[in-house]
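The values are calculated or read from the model by the stated rules, or taken from the named source; none is laboratory data. On a predicted model such as this, the values are computed, not experimentally measured, just so you know. With ligands, DNA and RNA removed, areas are computed over all heavy atoms of the protein, side chains included. Shrake-Rupley method; radii C 1.70, N 1.55, O 1.52, S 1.80 Å.
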Amino acid sequence: MQHGWWNLGEVAGEKFRRWVGEYGSMPDARVSLTDQDTGDVLASWPDQG
């Protein structure tokens, strides 16, 4: 499990993309970007649409 938080949305988005690239090929990998204040999921991979 990886965990982190960033104050800037641009930084968080870049980390999200990087982590999908680094960990996305692992079996059962899931990456999500969540707003800590609201709990809203801003992005998820794989897409849970």
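Can you show me the helix-derived [θ] at 222 nm for the chain, built from DSSP H runs with n ≥ 4 at -39,500 (n - 2.57) apiece and divided by the number of residues, rounded to the nearest 500.
Numbers: 1 runs with 15 residues, N = 49.
Counting only the DSSP helices, I get -10000 deg cm²/dmol.
On a per residue basis, the convex hull of the C-alpha atoms belonging to the chain measures out at 80 Å³. What does the accessible area per residue of the chain come to in Å², with a 1.4 Å probe and no ligands, DNA or RNA counted? For the chain, the solvent-accessible area averages 86 Å² per residue.
For the chain, the share of accessible area belonging to carbon and sulfur comes to 49 percent (1.4 Å probe, ligands and nucleic acids excluded).
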